Amino acid sequence: MNNLLIFAVSLWFGSERALLLSKRASAEARDADRSSLRYIWFVIALGNGKGIYLGVKGIGALPMAPAFFYCMGIGLIVLGMAVRWTAIYQLRHFFTVNVALSKDHELIQTGLCRCVRHPSYTGALISFLGLGVAFANPLSTFAISVPIFLVFRFRIAVEETVLLDHFGSTYSDYCARTARLLPGVW
């Protein structure tokens, strides 16, 4: 791996580690998480490990335009981080790494949340997609992106159940007019 890619991935994981340490909800609220945070980190480690291995070994690599894919991948990693951190900033104290609602919780429907219900996951998925693309390797991209998308899908189901229980029709109305991750797609 090139130094720029190592730096981008280290920056991403460092920022996620900082979130993990600083944005955890209280112990009482963790019950709503259904261990999804553990699953996410397990799948991220497994998917990234496999994808990076395939990428470094060149198994499944495209023989054409590796510099183009490398630059595009780095750009996607940075774009994904920007989307994720913008979403976290817009949610402010309502954002937690584990599924939890505070007593004063509000349903944020402005900023990025006006377009998608889970913009921080959208950003994370863009970054993971970028990591695979940087290797110019479809197998690497698949090994990283697909399992992580599936575990995020599980996590989103957990979150949406909690939000629907808490906000009722306000949340279901919000769901009717916004996509989960990508406007016009899903």
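Of all residues in segment 114-140, those satisfying the criterion of being in a loop (DSSP other than H, G, I, E, B) and over 27 Å from residue 62 (Cβ atoms) are 115, 117, 118.
Kindly establish whether residue 9 is part of a loop (DSSP other than H, G, I, E, B), open to solvent by less than 40 Å² (accessible area, probe 1.4 Å) and of a type in the set (Val, Ile, Thr). No, not satisfied. Taking residue 91 as the residue in question, decide whether it is open to solvent by less than 50 Å² (accessible area, probe 1.4 Å) and either part of a loop (DSSP other than H, G, I, E, B) or over 21 Å from residue 128 (Cα atoms) (or both). Yes; evaluated as a whole, the condition is true for this residue.
Select, from 78, 146, the only residue that is β-branched (Val, Ile, Thr) and under 14 Å from residue 8 (Cα atoms). So the residue among 78, 146 that is β-branched (Val, Ile, Thr) and under 14 Å from residue 8 (Cα atoms) is 78.
Residue by residue, here is whether (1) touching a Lys or Arg at 6+ places or on another chain (Cβ under 7 Å); (2) loosely packed, with under 14 Cβ neighbours inside 10 Å; (3) within 18 Å of residue 147 (Cβ to Cβ) holds:
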{"site": "14", "(1), (2), (3)": "no, yes, no"}
{"site": "22", "(1), (2), (3)": "no, yes, no"}
{"site": "33", "(1), (2), (3)": "no, no, no"}
{"site": "78", "(1), (2), (3)": "no, no, no"}
{"site": "103", "(1), (2), (3)": "no, yes, no"}
{"site": "116", "(1), (2), (3)": "yes, no, no"}
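For residues in segment 141-186 being modelled with pLDDT under 95 and in a loop (DSSP other than H, G, I, E, B), which is farthest from the chain's Cα centre (by Cα)? Step by step, filter segment 141-186, then rank; the result is 184. Considering only residues in segment 139-186 that are in contact with a strand residue (DSSP E or B) (Cβ under 8 Å, 6 or more places away or on another chain), touching a residue at least 24 places away in the same chain (Cβ under 8 Å) and surrounded by fewer than 17 Cβ atoms within 10 Å (Cβ to Cβ), the one that is nearest to residue 128 (Cα to Cα) turns out to be 182. All of (1) buried (at least 18 other Cβ atoms within 10 Å of the Cβ); (2) farther than 16 Å from residue 8 by Cβ; (3) polar (S, T, N, Q) hold for residue 109 with one exception: (1).
Within segment 105-115, restricting attention to residues that are within 20 Å of residue 169 (Cβ to Cβ) and of a type outside the set (Ser, Thr, Tyr), the residue that is nearest to the chain's Cα centre (by Cα) is 113.
Go through segment 29-78 and report how many residues are small (Gly, Ala, Ser), farther than 27 Å from residue 96 by Cα and outside any helix (DSSP H, G or I).
Residues in segment 29-78 being small (Gly, Ala, Ser), farther than 27 Å from residue 96 by Cα and outside any helix (DSSP H, G or I): 4 in total.
The values are calculated or read from the model by the stated rules, or taken from the named source; none is laboratory data. Model, not experiment: these values are computed from the prediction. When we count neighbours, we look across all protein chains shown, and the Cβ atoms used for this are built from the backbone with ideal geometry, even at glycine. Areas reflect the complete protein model, heavy atoms only, side chains present, ligands, DNA and RNA absent. Shrake-Rupley method; radii C 1.70, N 1.55, O 1.52, S 1.80 Å.
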